[in-house]
């Protein structure tokens with residue numbers, strides 16, 4: 001094989017590898033966008049579910065409070081004190097259950113998406129560097 005053929009074969013291999021790297025980089029980018037879209041969709045669905053659940057709890061709590069404390073102002077003050085004491089616990093519980101629910105669904109965290117975006121950016125830089133050769 002002469003030098004010209006060897007040079008041509010090498011250039012062809014480099015071009016083929018460059019094309020494969022571009023394709024792989026594009027696939028990784030599309031997967032990252034897919035993850036983001038799925039997380040957005042799951043988040044909206046979760047939000048709707050939580051709103052429905054919140055309405056159920058509100059209705060149950062309202063009935064409980066009316067039965068337990070009646071209508072007097074003094075009792076309303078006691079309810080307000082009780083609610084303020086348990087509000088933080090409720091918020092923490094909702095946050096914990098939402099986080100666990102999202103984890104069970106396999107929805108990536110903000111940190112996961114940020115890391116993936118960083119990796120995609122790095123891969124794109126490498127692909128562009130290969131393509132410019």
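Quick notes on this one:
- For residue 95 and residue 124, a Förster radius of 25 Å and the Cβ-Cβ distance give a FRET efficiency of 0.10, rounded to the nearest 0.05.
- Note on residue 111 and residue 2: with the Förster distance fixed at 41 Å, the Cβ-Cβ geometry gives a FRET efficiency of about 0.15.
- Radius, Kirkwood style, for the chain when every pair of distinct Cα atoms is counted (Å): 20.1
- Distance between the pseudo-spin-label points of residue 10 and residue 24 (7 Å out from Cα toward the beta carbon): 2.2 nm.
- Each helix, a run of at least 4 DSSP H residues, gives -39500 (n - 2.57); summed and divided by the residues of the chain, these come to -34000 deg cm²/dmol at 222 nm.
Every number here is computed from the coordinates shown, using simple stated rules; none is lab data. On a predicted model such as this, the values are computed, not experimentally measured, just so you know. Quick reminder, even Gly has a Cβ in these numbers, built from the backbone with ideal geometry, and neighbours come from all protein chains shown.
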